[in-house]
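Enquirer: Please see the structure below; I have some questions.
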Amino acid sequence: MDRRRLLGPLNTVIPNIGISSEINGSKSTPQTGISSSSSSNKNDIENFFLKTGIIENANGSAYLEVGNNVIEVSVFGPRPIRGSFIDRASFSVECKFLPYISQPGDELFNTNNQFNNSNSNTNANGRTGLTTIEHKISSYVETALLPSIILEKYPKSTFDVFVTIVATETPTYNSNEKLMRLTNWIVNCASVALVDANVEVKDIVTSGIVKSNKSGDIIIDPRGQIEDEQNEQDEQDDQNEENVLGVASFMNLNNDQLVGIWVEGGDIDQDLVTKVINGCNDMSKKIRANINSFLIDSLQ
Amino acid sequence: MILSPAERAYLYESLVQKPAIRPGARSDHQFRPLEAKTGFLPNSNGSARIRLNDGSECIISVKSKVVVTRGESSLIEVDIDVPGFRDDSNFVSNLKFSLTNLLITKFPVEYLRLTSKYSFKLFIDCIVISHSSYPLSLISLTSYLALKTTRLPLLTSEVNDEEIEEQPTFSDDWDNAKYIHPTFQPPIFITLGVIGENLLFDPSIEEEQVLENGLILSFYKDKVITPIINMNLATNSNNSNFKGLNQKLIIQSINLCNKYCPAIIKALDTLIEQDDENDDTDNHIF
């Protein structure tokens, strides 16, 4: 597609490098039904299904299913802007839940909607805007992706990323965990969509989520209440107090640069934060390896 | 764009020095001087105002209402109003999310319990009259003062009303009203700018233009707590220096906050004490 004035030579050869030996990741193997989450190793990452280029009129798009989360991201850009000259592209992310989906933390944060139907996204003026939670996710994703895009290459243009959440987890998760898990996968999905849109990036941003348990150990990719079966009694009271949840996004080929961090939950100290960051980094690398082989596969 | 390319380059170069050379000769852990006043809104349970020397100003009012505890999803509700921004804009929504999230998760709600059935619900209304730099720490420091000086009417009826159908009654003497808790110190947010290897407390608007990243940490009971997040502090995303963080800086920022933030809390507490002493003579804000 001729979206830029300077085009590379038409007969370029793409070097066949970086094919990982473990190419049989979870990529592009459509799963039937929902993957079983009762895996024996608790540090395994949940299988996910990824597909790109599903939306024709967007410059790039990606679709991701993990657990019961279904996320779809479309990238529009570079699009020309009107008005005064800017030397770098501007970048925006907008994240929306489909109207029938209950948003995690809805009752706490989306208090502006109290006069309306609680799940409708209309405010008092009847306009459709984003809810507080949608804004929060949008701004995390924007912060995480912003350093990766080479905006200098696109003067006078804009990139708009639209995230649609088609389905979310069942209510067994506490709302914070649900929100952060969702955010984590949105970042991964959006980075693939950016690649699909042929946007020049410094590196593909991937992210990971971890949760600490009471003894201070880190559980990578927590999935609801799997890890504390033994004390279901006090789980309700303790879950918000004790466990630390962290999402962190990285540019793995760029010195593991941390581009986004969001830590919530109980007490923290330096050691725990280091563990959280390292845990997220491990998970992001695994996801990155999967995405790499997916992208290489899709070229062939 | 408030700085020319040359100004940006100059400021960037000064700030990446070790130690950083900040405009206004601040050291890297020094806040901008502020002026505060508490308890000036007669119709509120607590109120506070903070003004900074760059003209930023924030007023917060805390009001309370007796509610049936069971019927409420949370006992704290925050509303933020920033002139020039729509209430459903990303900017205002994020401020609101951050403050609500901090207070809901960290505020000890047992202080608001009245009886076994009833509680106080606090409504925290913030108006940012003007701001130049990212206003979250300004709002949060003001909310500290407002919550700390919030006085709730004294309960005169029975605390245990499990058996009896009784609504709580209060002493009608306002002098009997008591603070939320004598030793209560509300949680606050600290904004830190990341540039090179340096971490700058409370970056000003000019500094925000050249920062490489921004960190927001929360501080409560003499230590750094969650949430910890990073974000682009400059409101326009055309921040050409913006890039990823070195992981070590997160740990460093926690250490720095643990070291310097108790002084901020202490300064705010002193401020309230001084304000109390002046209260009889001067009870207006202008």
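The values are calculated or read from the model by the stated rules, or taken from the named source; none is laboratory data. Values in this document were obtained by computation on a predicted structure and should not be read as measured data. As a convention, Cβ positions derive from the backbone with ideal geometry for all residues, glycine included, and neighbour counts pool all protein chains shown.
Enquirer: Checking the condition surrounded by fewer than 18 Cβ atoms within 10 Å (Cβ to Cβ) and among the hydrophobic types (A, V, I, L, M, F, W, C), which residue from B:Leu15, B:Leu95, B:Leu3 passes?
Expert: Sole residue among the options that is surrounded by fewer than 18 Cβ atoms within 10 Å (Cβ to Cβ) and among the hydrophobic types (A, V, I, L, M, F, W, C): B:Leu3.
Enquirer: Criterion first (away from chain A (no Cβ under 12 Å) and either in contact with a Leu (Cβ under 8 Å, 6 or more places away or on another chain) or closer than 20 Å to B:Phe219 by Cβ (or both)) does B:Phe97 satisfy it?
Expert: Taking the combined requirement at face value, the residue does not satisfy it.
Enquirer: Identify all residues within the stretch A:185-201 that are part of a helix (DSSP H, G or I) and touching a helix residue (DSSP H, G or I) at 6+ places or on another chain (Cβ under 8 Å); write none if there are none.
Expert: Passing the criteria: A:Ile186, A:Val187, A:Asn188, A:Ala190, A:Ser191, A:Val192, A:Leu194, A:Val195.
Enquirer: Could I ask something else about it? Under the condition of being out of contact with any strand residue (DSSP E or B) (no Cβ under 7 Å at 6 or more places or on another chain) and without any contact (Cβ under 8 Å) to a residue 24 or more places away in the chain, which residue from the stretch B:170-224 is nearest to the other protein chains (Cβ to nearest Cβ)?
Expert: The selected residue is B:Thr183.
Enquirer: Same structure, new question: Any residue at all in the stretch A:273-284 that's surrounded by fewer than 19 Cβ atoms within 10 Å (Cβ to Cβ) and under 17 Å from the mean Cα position of the chain (by Cα)?
Expert: Yes - at least one qualifying residue is present in the stretch A:273-284.
Enquirer: Oh, and also: Name the residues in the stretch A:244-275 that are closer than 22 Å to A:Val205 by Cβ and not hydrophobic (A, V, I, L, M, F, W, C), would you?
Expert: A:Gly246, A:Ser249, A:Asn252, A:Asn254, A:Asn255, A:Asp256, A:Gln257, A:Gly260, A:Glu264, A:Thr274, A:Lys275
Quick grid of which residues meet (1) crowded, with 23+ Cβ neighbours inside 10 Å; (2) facing another protein chain (nearest Cβ under 8 Å); (3) within 23 Å of B:Gly71 (Cα to Cα); (4) modelled with pLDDT of 95 or more:
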residue	(1), (2), (3), (4)
A:Arg88	no, yes, no, no
A:Lys96	no, no, no, no
A:Asn117	no, no, yes, no
A:Thr122	no, no, no, no
A:Gly126	no, no, no, no
A:Gly129	no, yes, no, no
A:Thr132	yes, yes, yes, no
A:Pro155	no, no, no, no
A:Val161	yes, no, no, yes
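Enquirer: So, in the stretch A:244-269, exactly how many residues are within 15 Å of B:Ile254 (Cβ to Cβ), part of a strand (DSSP E or B) and more than 7 Å from chain B (Cβ to nearest Cβ)?
Expert: Selection size over the stretch A:244-269: 2.
Enquirer: Within the stretch B:29-37, is there a residue that is in contact (Cβ under 8 Å) with a residue 60 or more places away in the chain and among the aromatic types (Phe, Trp, Tyr)?
Expert: Yes, the conditions are met somewhere in the stretch B:29-37.
Enquirer: When you go through (1) over 19 Å from the mean Cα position of the chain (by Cα); (2) touching a residue at least 12 places away in the same chain (Cβ under 8 Å) one by one for B:Ile251, which number turns out not to apply?
Expert: (2)
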